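The values are calculated or read from the model by the stated rules, or taken from the named source; none is laboratory data. Note that the structure is a prediction, hence the values are computed from the model and not measured. Neighbour counts run over all protein chains shown; Cβ positions are idealised from the backbone, glycine included.
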């Protein structure tokens, strides 16, 4: 009887835990919007992003790691682990303040870019970033195409779109510096902040259109998320406005119109990308793929 019960339990557990990767996912596009608090999305005029939500899956209760600041969270998002493991602990970390618990052959804590380079060296990857603090977080030798946009989100989106159309990278990460800039200068939950989100949405739309123009939409998964939110003119604290971030996923075999119920931490983003691209993850990673999002 005990053996039979065990078999029943194992059978009921397997479909979710042992779910195979969605077939034919050949491209992942990650769009990160700096300082985009999840609280703002429901009331924001963002038709492009909301269209992706309608055709995909999302969470408005995904969380950053602490502190709710930039470099520590971009590192966690790309490295599949939190700051006590990867060692980047501040808003502007350029080197680990705590020695990393693991390093890739490129000399930094393993990122999703280094996993791709090590396991599929022929795969094209692209890193396009508006904030220069992204640069030291991703191993240069692990990227094929690398474009520092220097605080120009329009250039960033246009360049990413051109690269996607021409090169069709396996992995593309596009960092946009807004709405963080407006959050610092004017404040979160202000009319100016919501006005900036309209521009962010247009940039997202450009990148999504490029995926369609490149003829790879049926083989792609697009993820839109943020490093942190904000409160007043800052961030770094423990309020939900600062900690909760949007997490939207759209594309190949993604559930349609699905609000995700399980907790998502920003380091689950790297784990989800690695799972989609069939990359083996290191023991040092703590993230889990968000399998709930897929059919």
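Residues in the stretch 65-75 that are out of contact with any strand residue (DSSP E or B) (no Cβ under 8 Å at 6 or more places or on another chain), buried (at least 24 other Cβ atoms within 10 Å of the Cβ) and assigned to a helix (DSSP H, G or I): 70, 72, 73, 75. The residue of the stretch 77-94 that is surrounded by the fewest Cβ atoms within 10 Å (Cβ to Cβ), among those that are out of contact with any helix residue (DSSP H, G or I) (no Cβ under 7 Å at 6 or more places or on another chain) and either free of Cβ contacts under 8 Å to residues at least 40 places away in the same chain or under 21 Å from residue 175 (Cβ atoms) (or both), is 84. Candidates are the residues of the stretch 38-58 that are in a loop (DSSP other than H, G, I, E, B) and either at pLDDT below 95 or touching a strand residue (DSSP E or B) at 6+ places or on another chain (Cβ under 7 Å) (or both); the one that is nearest to residue 183 (Cα to Cα) is 41. Of all the residues in the stretch 171-200, those that are surrounded by fewer than 19 Cβ atoms within 10 Å (Cβ to Cβ) and either outside any loop (DSSP other than H, G, I, E, B) or touching a residue at least 60 places away in the same chain (Cβ under 8 Å) (or both) number 10. The set of residues from the stretch 117-132 being without any contact (Cβ under 8 Å) to a residue 40 or more places away in the chain, over 22 Å from residue 94 (Cα atoms) and in a helix (DSSP H, G or I) comprises just one member, 118.
There is at least one residue in the stretch 263-276 that is surrounded by fewer than 24 Cβ atoms within 10 Å (Cβ to Cβ), assigned to a strand (DSSP E or B) and in contact with a helix residue (DSSP H, G or I) (Cβ under 9 Å, 6 or more places away or on another chain).
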